[in-house]
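Report on the structure given below.
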Amino acid sequence: MGPRAEGAPPKSTTCLGDWSANLLIVGRQQLVLAVSNVTLLPVLLPAAPFKTLPSRVHQAVGAILHALAIDPKRVATELSAMRESFVASTNDRRVLGSMNDFDRMLGSYLDGRALLDVALHLAEAPCGPIGMASPNDETVKVLSAPFLRLVEREAR
């Protein structure tokens, strides 16, 4: 895990924002459901080993972004911005409610499918907090927007 943030954690520098995660027990499986706080894109991965969870979330995000056919340069930029991680609690009701919805849908989707396929299926669900858009469509939209970079001019 990343270091525990003392006080308020630093502001995210990624397009997909912070990620909220929860441990789910489905049958005999212990899974982690991580959700982008911006687009509500879900990723699923085995919970164990917890020690490597941040790097495995990073890999799972990369896998789902590639599966959504996001431009590889944008994926690399997003993953690079995600390298530093901090652990902090959340009380974002919008994200927590969506995570609960995904948790309820999860049991019927697992039936032997790969976790990436299940996450992609969950990502098709319309979500109220993002205007009934699907997380996959919102993610594609956010990561297809042009980069904007502010540059300060030197005083003459």
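Since every read-out is calculated from the coordinates, none of them should be taken as a lab result. Just so it is clear, the model here is predicted, and its values are computed rather than measured. Cβ placement follows ideal geometry from the backbone for every residue including glycine, while neighbour counts extend to all protein chains displayed.
Placing +1 on the Cβ of each Lys and Arg and -1 on the Cβ of each Asp and Glu in the range 34-156, which of 53, 69, 96 has its Cα farthest towards the positive end of the resulting dipole?
53
Give the dimensionless ratio obtained when the Cα radius of gyration of the range 62-102 is divided by 2.2 N^0.38 Å. The partial results should precede the final answer.
Details: Rg = 13.6 Å, N = 41, 2.2 N^0.38 = 9.0 Å.
Its radius of gyration relative to the 2.2 N^0.38 Å reference: 1.51.
Taking the Cα-to-Cβ direction at residue 22 and at residue 113 and moving 7 Å from each Cα, how far apart do the two end points lie in nm?
1.9 nm
Kindly give Rg over Rh for the range 19-144, based on alpha-carbon atoms, with the Kirkwood expression for the hydrodynamic radius. Please list the in-between numbers first.
Values: Rg = 13.6 Å, Rh = 14.7 Å.
Taking Rh as the inverse mean 1/r over Cα pairs, Rg/Rh reads 0.93.
By how many degrees, 0 to 90 and rounded to 10, does the Cα axis of helix 135-144 deviate from the longest principal axis of the chain?
20 degrees
Order 21-27, 93-99, 117-123 from most to least packed using the mean count of other Cβ atoms within 10 Å. Intermediate values should be presented prior to the final figure.
Values: 21-27: 13.3, 93-99: 16.7, 117-123: 22.0.
Listed from highest to lowest mean packing, they are 117-123, 93-99, 21-27.
So what are the ³J(HN,Hα) numbers for the range 121-132, from phi and the Karplus equation (6.51, -1.76, 1.60; θ = phi - 60°), rounded to whole Hz, Gly and Pro as x?
With the stated coefficients, the range 121-132 comes to 5, 4, 5, 7, 5, x, 10, x, x, 10, x, 6 Hz.
Can you give the helix-only mean residue ellipticity at 222 nm for the chain, where every DSSP H stretch with n ≥ 4 adds -39500 (n - 2.57) and the sum goes over all residues, rounded to the nearest 500 deg cm²/dmol? All intermediate terms of the calculation are to be shown ahead of the outcome.
On the way: 5 runs with 61 residues, N = 156.
Computed ellipticity for the chain at 222 nm equals -12000 deg cm²/dmol.
Could you tell me what percent of the DSSP beta bridges with both partners in the chain are antiparallel, to the nearest 5? List each step's numbers first, then the result.
Numbers: 14 of 15 bridges.
If we restrict to bridges inside the chain, about 95 percent are antiparallel.
List the relative contact order of the chain as a percent without decimals, with contacts defined as Cα pairs under 8 Å and 6+ residues apart. Could you put the intermediate results ahead of the total?
On the way: 188 pairs, mean separation 40.7, N = 156.
For the chain, the relative contact order is 26 percent.
Can you give me the long-range amide H partners of residue 30? Hydrogens built in the peptide plane at 1.01 Å from N, cutoff under 5 Å, separation of 5 or more residues or another chain.
So residue 30 has HN proximity to 47.
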